């Protein structure tokens, strides 16, 4: 499943231009850095373009700059989902400088009520404007992830500041930001001045990762006094997209309806996390299809064996039959011919029907009237019969294997059941 990863531009701070001009909006349409991954794990296409020219993918992930999020450690309140955002705002009221109503909050993944968790906060208006800009370009963002999140091991990430006039290559570290991530939180600060060195632990914790984007790798090494690992922006975006975080929570949580809901479920099914389930379902379907084909082949062999038995029985009983087209029908026809030649009455003949009626008829009563035709034997029941005598007679006729149809006016029609030739079986 293809994934489009977009780097959201850093939120502009106070303008440094002499005339107060905001450079974020004075340079025409904004270009976004992007990575198109075929599977969410490997790098594919990458580059910079305006939102309308971004490639399309099954899944869209936006990455926030590390300096655009503040991190707060607190105990997740035990509140209903509808009131959780208000409860978090009450807990953070004394910990943030901005009005909590102007902030967007997100809770760490797999957080449980009553336990400590991380809460990420950012400017609500700015994040909403970024999402709306992408929506206008018909790009529906599925997840927003942080560029850095509190985690192990500790990570020092040197990257350029988007809104700075300083030269990143200058010795004083102008235009370079250091984002420091540890299990205790994430912080970002510029390298200018002596205070920045005191904010970084000395020595660095064991297993610390020291990363830098290519433009600032040289000044970062000079400032830090040791080698750094160069990490291309595309690699940083791809690594950030694998995070379990999703900043789109509460009022910004995606609400899928109609075709969007079907599309979301389909993309989720095609995601790498569901690969084992897809393989299991495919294997189950394959086994079922194979089993059904084997069972059908077995049943077909049994039917062929029964057909061969019926053909052999027909030729054994009637050697004069040379060509067998429908063994049951031919068997019935030849048997009927032999019966007629021998003068033996059939079950639909008058003699057979009268014999059954005579056995079922009361001994002390006389049959008042009857008529025989191709439809069967019609008998007029005496009007003096009570309900018990009539029902007893009809039950005895039915037990003899005949069918009875009430014609009204005290008349019933008695017939031998019509049996298809194929119902008789090979015997």
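The values are calculated or read from the model by the stated rules, or taken from the named source; none is laboratory data. On a predicted model such as this, the values are computed, not experimentally measured, just so you know. Here Cβ is always computed from backbone atoms with ideal geometry, including for glycine, and neighbour counts include all displayed protein chains.
Consider only pairs whose beta carbons are under 8 Å apart and that are at least six residues apart or on different chains; among these, list those whose first residue lies in the stretch 270-298 and is without any contact (Cβ under 8 Å) to a residue 40 or more places away in the chain and whose second residue is surrounded by 10 or more Cβ atoms within 10 Å (Cβ to Cβ) and outside any helix (DSSP H, G or I).
278/270
Within the stretch 41-74, which residues are more than 15 Å from residue 245 (Cβ to Cβ) and part of a loop (DSSP other than H, G, I, E, B)?
Matches in the stretch 41-74: 41, 42, 43, 44, 54, 55, 56, 57, 58.
Which residue is surrounded by the fewest Cβ atoms within 10 Å (Cβ to Cβ), if the candidates are limited to the stretch 103-157 and must be assigned to a helix (DSSP H, G or I) and touching a strand residue (DSSP E or B) at 6+ places or on another chain (Cβ under 6 Å)? It would help to see each step written out before you state the result.
Filtering the stretch 103-157 down to residues assigned to a helix (DSSP H, G or I) leaves 124-136.
Retained after the next criterion (residues that are touching a strand residue (DSSP E or B) at 6+ places or on another chain (Cβ under 6 Å)): 124, 127.
Numbers: 124: 18, 127: 23.
Across the stretch 103-157, the extreme among qualifying residues is 124.
Anything in the stretch 307-348 that is modelled with pLDDT of 75 or more and touching a strand residue (DSSP E or B) at 6+ places or on another chain (Cβ under 9 Å)? List them, or say none.
none
Quickly run through the stretch 238-293 and pick out the residues that are modelled with pLDDT of 90 or more, out of contact with any helix residue (DSSP H, G or I) (no Cβ under 9 Å at 6 or more places or on another chain) and under 30 Å from residue 87 (Cα atoms).
Selection gives 240, 241, 242, 243, 244, 245, 246.
For residue 357, all conditions in the list (1) in a helix (DSSP H, G or I); (2) within 29 Å of residue 404 (Cα to Cα); (3) without any contact (Cβ under 8 Å) to a residue 40 or more places away in the chain hold save one; what is the number of the exception?
Residue 357 satisfies every listed condition except (3).
If you scan the stretch 382-408, which residues turn out to be at pLDDT 80 or above and in a loop (DSSP other than H, G, I, E, B)?
If the condition is that a residue be at pLDDT 80 or above and in a loop (DSSP other than H, G, I, E, B), then 400, 401, 402 are the ones that fit.
Taking the condition touching a residue at least 24 places away in the same chain (Cβ under 8 Å) and farther than 15 Å from residue 249 by Cβ, does residue 92 pass? Even if it seems obvious, please write down each step before you answer.
Numbers: touching a residue at least 24 places away in the same chain (Cβ under 8 Å): yes; farther than 15 Å from residue 249 by Cβ: no.
No, not satisfied.
Could you give every pair whose Cβ atoms fall below 7 Å, whose first residue belongs to the stretch 363-390 and is within 23 Å of residue 351 (Cβ to Cβ), and whose second residue is part of a loop (DSSP other than H, G, I, E, B) and modelled with pLDDT of 75 or more, counting only separations of at least 6 or pairs across chains?
365/382; 367/361; 368/382; 380/410; 381/410
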